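Take a look at the structure set out below.
The numbers here are math on the coordinates, done by the rules we state, and not lab data. Just so it is clear, the structure is predicted and the values come from calculations on it, not from any experiment. We place every Cβ from the backbone using ideal geometry, glycine too, and count neighbours over all the protein chains shown.
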């Protein structure tokens, strides 16, 4: 397995200029929407991506509540008292006024709103998961928000998660550099998976070797979905990985993220221990054709739906079926807007929000994860393969960032 030189990772830190850019982009949208202040909540669910908005604003993985005014300094309530000391776990973030958030957040939040004169203000409420594709439940705490609303009957409260989603959709040069590091880690995780898939190993050993490839090179722990067997499910299972012992003739399917400073690179990889059956070879060939056609359509100015069709047309023509097929936004969270993975003539769950095709065009500096998770109904709906990559939209077109090859043959070890 290749390793990255740790020295190349040490200088990748977000600058004050990046903080100023983000806050400026948020604030002009607040001005346009008539918002005086945002209340932003996040927590550590879904491998910490439910903190995406918090991390975007304060530059740190800080669960809790942020009061972010259109004018003035923000406040962060997070962690235990020792976490917010100058030497604590949450020191040196972008928000200097960081307060312990375990006991008194609601009371302090009400006092802060009063002291800043927001008794008649327009307050935007931001949680995670409240915008399309709505695959994650909202993280705004009911009890706290209810108490704040009861205290300020003249305040107008508006759901404003769209604002942060929109700001985060187009990545800055600094974000793209971090995303590329995450993609590099994804490649190392894929290489570790291929190396680990040997007869006699258990699923959780494969899982551990993949995580180690990321953590030992500066990454943060994140998701790995993995399934194995002579007829694997058409999508990997959520962690924890099982104790099943791999055997010759098995196929392992996986979807995973590498995380670097919270930014996600991802891939979907299928590996065969030995020569796979003819049916799996045909499924994998279709996966590759789907990925290439979909990624090729992800050019600036082209409609999002063109790429969705590109991923799906070859599958529909082959008469195969899909669990997930398409693409979704990627950054501090997965998925981000815009996203479309369900539906289509070969797909399932057509009424789910994840099946809606967003009505926008690709723009430079968007980032996406792609997925072709398919099965051959004639062979069996309960088994299939997975293939996916991470793609950055550049002025010259889509660039696959992990460097993992898209070949016509399933990886065999």
Per-residue counts of other Cβ atoms within 10 Å, averaged by peptide: what ranking do you get for 219-228, 76-85, 28-37, highest first? 219-228, 76-85, 28-37
What's the extension gain from residue 134 to residue 231 if we count 0.36 nm per residue and subtract their Cα-Cα distance? 31.8 nm
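When ranked by the protection proxy of mean other Cβ atoms within 10 Å per residue, highest first, what sequence do the peptides 118-124, 280-286 form? Show your work: numbers first, answer last.
Details: 118-124: 17.4, 280-286: 20.3.
Top of the packing list down: 280-286, 118-124.
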Inter-label distance, nm, simple model (7 Å from Cα along the C-beta direction), residue 32/residue 158: 1.2 nm
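So if I take the alpha carbon set of segment 219-274, get Rg, then get Rh from the Kirkwood formula, what is the Rg over Rh ratio?
Values: Rg = 12.3 Å, Rh = 12.0 Å.
Computed over Cα atoms, the ratio is 1.03.
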From the list (1) 0.95; (2) 1.03; (3) 0.91, can you say which value of Cα Rg over 2.2 N^0.38 Å was derived from the structure given? (2)
Over the chain, with a Gaussian network built from C-alpha contacts below 10 Å, which listed residue (264, 90, 392) shows the highest mean-square fluctuation? 90
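For residue 212 and residue 17, what is the calculated FRET efficiency with R₀ set at 35 Å and r taken between the beta-carbons, to the nearest 0.05?
Values: r = 34 Å, r/R0 = 0.98.
Here the calculated transfer efficiency is 0.55.
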Rounded to whole angstrom, the alpha-carbon centroid of segment 263-290 lies from that of segment 158-201 at a distance of 20 Å
If I stretch the segment between residue 92 and residue 202 completely, what's the gain in nm (0.36 nm per residue apart, minus their alpha carbon distance), one decimal? 35.5 nm
Which value in deg cm²/dmol, rounded to the nearest 500, describes the helix-derived mean residue ellipticity at 222 nm for the chain, given -39,500 (n - 2.57) per DSSP H run of n ≥ 4 and division by the residue count? -10000 deg cm²/dmol
Net length gained if the chain between residue 351 and residue 71 were fully extended (0.36 nm per residue, minus Cα distance): 96.7 nm
Which of these, 398, 133, 276, has the largest mean-square fluctuation under a Gaussian network model of the chain (Cα springs below 10 Å)? 276
Determine the distance separating the Cα centre of segment 300-320 from the Cα centre of segment 380-413; give it in Å without decimals. 15 Å
Estimated distance in nm for a label pair at residue 142 and residue 394, the labels positioned 7 Å out from Cα along Cα-to-Cβ: 4.9 nm
